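For reference, the structure is listed below as structure tokens.
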Amino acid sequence: MQSHPSLSKKGSAPPRRAPLLAVLDLGTNNCRLLIARPAGAEGFKVVDSFSRIVRLGEGVAATGRLSEAAIARTVAALKICAARIAKHHVRHVLAIATQAARLASNTGELITRVKAETGLALEVISAQEEADLAALGCAPLIGRDYKGALIFDIGGGSTEIIHLRRKQDGFETIFSASLPVGVVTLQEAGDDFAVMREAIQARFSPFVGNFDPLREHLLGTSGTVTTLAAIAMNLPRYDRTKVDASWHRTEDLLQVVQRIAALDLGALAKIGPIGPERADLMLAGSAIFTAICALWPGAMLRVADRGLREGMLRRMQQELAP
């Protein structure tokens, strides 16, 4: 975490407001920035945010390297992020990179270039750290009437699964796993929907444990799940304020998958919450989603348009606490 010392207080001056925090998540598909200020015991007040599809991991599964085009797209997005961080005079910054950066042999080149051109210090985190941060960010959305939840985060290059169960003073982790398969890597494999779904289900099946579908629920975070929810809600275009924290019957989202699985790329692109940028990844994400629902058959699902970045904010807040 990049940090600059705060100015000392003088005399009996009133306490300062909580400092602004900036978190940047560079995934296989997306670059996301969130600037926020801690507000209360559990919340944050968002000051600014930015998201852009950069497809950093495009071709990495085949070549083992980040392409020049992908690096250029990523650096361009990170320059925008750095400008917004500077605009708000943020002094506490955490910037992480995940699966594509973990896999590529030339990630050092990316890190060096990003530091030179944007001033941002990228940290490549482990798969386990990614799962832990996703759980930390989503835990506040576990339903009060449930004893736990199966949290899943379908990313571009990996999928995290975390089973949390309520205990007296919070939650305990029953298990967590990060599997190196996501919407970009699956889409690049080029299989049809049924083949993708069956392959993912077989790959995830060793992690099935004592999930209780009657007293625990699913909690999904990712572009796939939030988009399916928006379609189920008949939204003309994606609206985070309506989707985040919304509850759904799992069956309703599976019915959306059935409808879109029969559509071609052009038809998918015309669906408002999907659009042309997500169209080619939607079926791969839906295949992962249906496999998870088959293995952990929770009747209810809560959708989170949050996760890794919120977990990063909470971690930073903990580290900065006196």
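What follows is calculated from the coordinates using simple rules that are stated; it is not laboratory data. As the structure is a computational prediction, the values presented were derived from the model and not from experiment. As a convention, Cβ positions derive from the backbone with ideal geometry for all residues, glycine included, and neighbour counts pool all protein chains shown.
Below are the figures for this structure:
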{"read-out": "Overall dimensions of the range 128-308 by Cα: Rg and Dmax, Å", "value": "15.2, 50"}
{"read-out": "Sequence ranges 18-25, 292-299, ranked by mean other-Cβ count within 10 angstrom, highest first", "value": "18-25, 292-299"}
{"read-out": "Local electrostatic count at residue 270 - Lys and Arg +1, Asp and Glu -1, tallied over other residues with Cβ under 14 Å", "value": "0"}
{"read-out": "Relative exposure of 35, 111, 154, 80, judged by other C-beta atoms within 10 Å (fewest first)", "value": "80, 111, 35, 154"}
{"read-out": "Degrees, to the nearest 10: 107-118 long Cα axis against longest axis of the chain", "value": "50"}
